[in-house]
Amino acid sequence: MDLSLEPLDEFVVIQPLSDESETRAGLILPASATDTAPCRTGIVTAIGSDANGVDVGDKVLFPRAAGYDVRLGGLEVKVLKREDLIARIHD
């Protein structure tokens with residue numbers, strides 16, 4: 001079964017990235033150490049017709065508590081309003 005999620009209007013679908021991070025010194029911080037961070041990063045996987053300023057594939061910053069957690073075919077994604085996105089990240 002092939003499932004997809006098509007957001008409507010100003011909603012976007014985000015695939016959150018792992019909260020595990022690496023410091024400049026090379027130390028790996030587990031996700032549990034960053035659970036209290038107010039923001040997360042993720043990749044935009046789908047956009048609604050009214051979601052301007054972002055494209056599929058963009059890496060974005062968003063508040064941890066924003067949006068809705070959705071489980072779709074074993075994959076967890078976030079559905080947020082476009083206005084909840086804080087920034088686009090350029091690596």
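Open to solvent by less than 60 Å² (accessible area, probe 1.4 Å), in contact with a strand residue (DSSP E or B) (Cβ under 9 Å, 6 or more places away or on another chain), closer than 17 Å to residue 81 by Cα and modelled with pLDDT under 95 - does that describe any residue in the range 20-39? Among the residues of the range 20-39, at least one is open to solvent by less than 60 Å² (accessible area, probe 1.4 Å), in contact with a strand residue (DSSP E or B) (Cβ under 9 Å, 6 or more places away or on another chain), closer than 17 Å to residue 81 by Cα and modelled with pLDDT under 95, which makes the answer yes. Candidates 37, 51, 46: the one that is closer than 13 Å to residue 7 by Cβ, outside any strand (DSSP E or B) and over 10 Å from the mean Cα position of the chain (by Cα) is 51. When restricted to residues that are outside any strand (DSSP E or B) and open to solvent by less than 50 Å² (accessible area, probe 1.4 Å), the range 58-83 contains 3. Quick check, is residue 69 at pLDDT below 90 and of a type in the set (D, E, K, R)? Judged against the criteria, residue 69 is not a match.
The values are calculated or read from the model by the stated rules, or taken from the named source; none is laboratory data. The shown structure was predicted, so the numbers you read here are calculated from the model rather than taken from an experiment. Neighbour counts run over all protein chains shown; Cβ positions are idealised from the backbone, glycine included. Note: areas computed on protein heavy atoms with side chains; ligands, DNA, RNA excluded. Shrake-Rupley method; radii C 1.70, N 1.55, O 1.52, S 1.80 Å.
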